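Down below is the structure, laid out as structure tokens.
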């Protein structure tokens, strides 16, 4: 089983000048998004690779951040925001498992998205609501 670090309990994440919060995970598959075909054969320009990686990482963060916002709005609008932490945890776990099993996100991203949903909804102890272990 893989454990994930707990993101800080702060809902204040601003996307300023391409900033990605420190709690957003990087998974190995992100490296596949880098297009090394732009480099001439035998030349390794780390500045080009760094820009490509940062661009892919920033795009991935923005997509996950937007997904967390949409999911939290959906929970609010549907009236799925239960009062008990057990029911909240169950909802977040369902979302996390669905995201991770979809193949669209890495398990680390699924954890981050569901943790972010709990923060956006203002739920107490979001790290306790979202399981820290991948199945």
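The values are calculated or read from the model by the stated rules, or taken from the named source; none is laboratory data. All figures in this text were calculated on a predicted structure; none of them were measured in a lab. Cβ coordinates were reconstructed from backbone atoms using ideal geometry, including for glycine residues, and neighbour counts include every protein chain displayed.
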- prompt: Do we find that residue 89 is at pLDDT 90 or above and more than 13 Å from the chain's Cα centre (by Cα) in this structure?
  reply: no
Residue 59 surrounded by fewer than 16 Cβ atoms within 10 Å (Cβ to Cβ), modelled with pLDDT under 75 and under 21 Å from residue 20 (Cα atoms): no
query: Of the numbered conditions (1) loosely packed, with under 15 Cβ neighbours inside 10 Å; (2) more than 18 Å from residue 21 (Cβ to Cβ); (3) free of Cβ contacts under 8 Å to residues at least 24 places away in the same chain, residue 124 satisfies every one except a single condition; which is it?
result: (3)
message: Could you tell me how many of the residues in the range 62-86 are closer than 22 Å to residue 105 by Cα and at pLDDT below 80?
response: 0
